[in-house]
Amino acid sequence: MLHNYDPVIKKMNYRFLSSLLIISLIVGVVEGLVMLLLNLYQQGGGLLTELEETVLDTFLLALMSAPLLWFVVLRPLVMQISREQETALEQSRLNAQLRNAINAHSLVSIADVDGRIIHANDKFCEVSGYTQDELLGKDHRILNSGYHDKAYIRTMWQTITQGLVWQGVFCNRRKDGNFYWVTSTIMPLLDDTGKPYQYISIRQDMTAEKETNAELIMLKRAVDACAEMIVLTNNEGYIQYANPALCQATGWTQAMLIGCKPDVLDSPNADVSAIAAMRTALAKGKSWAGRILQRRKGIASLHIAGQTTPPDSLEFWVELNITPVFNRDGSQTGYVQIQRDIQCFQYRLVTI
Ligand code: FAD
């Protein structure tokens, strides 16, 4: 895009007008001189032949039309050339800025048709730990960590040698032996016949993301495997996660619990003062621990007037611990609730 188009045109027009003025001045002076000389010549008795007169008239006419020719024919031509030069200049400035942006953001390397590195940017060197000199002329296999199987590499090569763009992930090895992960786009540069003559590769370092994901997966597996019953809620108290131990003990499924409040687990006979104390502590952003009577999913014992209601076998006591969870910035994101079936625990203790 040409940002400074108008000032350029104005500058050009100014130059043309001033040059037109100078040309017209020169033409006027030259014509005046010619006429003066002709006059002097004729006063001295000289006479021009018909041919000489024709030549002189043609010369004077050409001289007079020079400013017009300059303005009408040459001006648009020069303006056009100058506009194209300005566009090309602007384009190359833009290309340089784009190159700088890509270099600041990504690891960039270029390989020749045989896969030998012919360019590696600073970020590539910084992340891989190799210097330019160590990389140039080498195959990218210098980074190979052995993580990917041959079929993965083969598919990549098959894609790019066909002139197509390949996108994927590489687990590479730094010079110091540590692994790093990159998302990669490899784009073949094609000649006039459509055959690749170079490959440009642009990558983003995703090592931190990969490590965080691995950590999250590990934590999720641990919470899933935990024998204690665990519930995670959001700030409003709606369940976002319930672990298998809780589902198994209560008869609720994850799908049923998600979006409910944990009080669906409470028995109708639960101690209201304990529940009130819990709510007060949580409202103040504090954790709470205590015993609560809960109830497994199922139909309540039938109460018949005048008859003794049998004990509700679905009820069970839990020792409950609810803790608010905070972000790094101190804002609360929700609660983690860990509970243990005390009856079951005590029963186990008794039977051991
Ligand atoms: P190999 O046993 O060498 O090859 C497996 C199969 O791939 C072969 O059987 C063959 O079918 C095919 N193949 C291998 N080399 C070529 C070739 N030169 N031409 C055509 N087909 C071939 N590798 C990484 O490990 N990490 C990277 O970050 C990485 N970036 C690359 C960036 C670019 C621009 C290019 C062109 C290649 C890149 N490679 C990268 C691939 C690298 O050059 C090696 O091919 C690869 O590391 C060798 O892996 P290997 O020994 O497991 O496979």
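Any read-out appearing in this document is the output of simple, stated calculations on the displayed coordinates, not a laboratory observation. Quantities reported herein were computed from a predicted structural model and do not represent experimental measurements. Cβ sites come from the backbone with ideal geometry, for glycine too, and all protein chains shown count toward neighbours.
So the values come out like this:
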quantity	calculated
Choice from THR333, THR58, THR131 showing the highest fluctuation, given a GNM over the chain with Cα pairs closer than 10 Å	THR58
Ranked packing of 228-238, 187-197, 243-253, most packed first, by mean Cβ within 10 Å	243-253, 228-238, 187-197
Percentage, to the nearest whole number, of Cα pairs in the stretch 106-210 over 16 Å apart	56 percent
Highest-MSF residue in the chain out of GLN80, GLN42, GLN167 [GNM, Cα springs under 10 Å]	GLN42
Derived scalar couplings ³J(HN,Hα) [the stretch 86-91; Karplus, 6.51 cos²θ - 1.76 cosθ + 1.60; whole Hz; x for Gly, Pro]	5, 4, 5, 5, 4, 4
Approximate shape of the chain as ellipsoid semi-axes (Cα gyration tensor, √5λ), whole Å, largest first	90, 31, 17
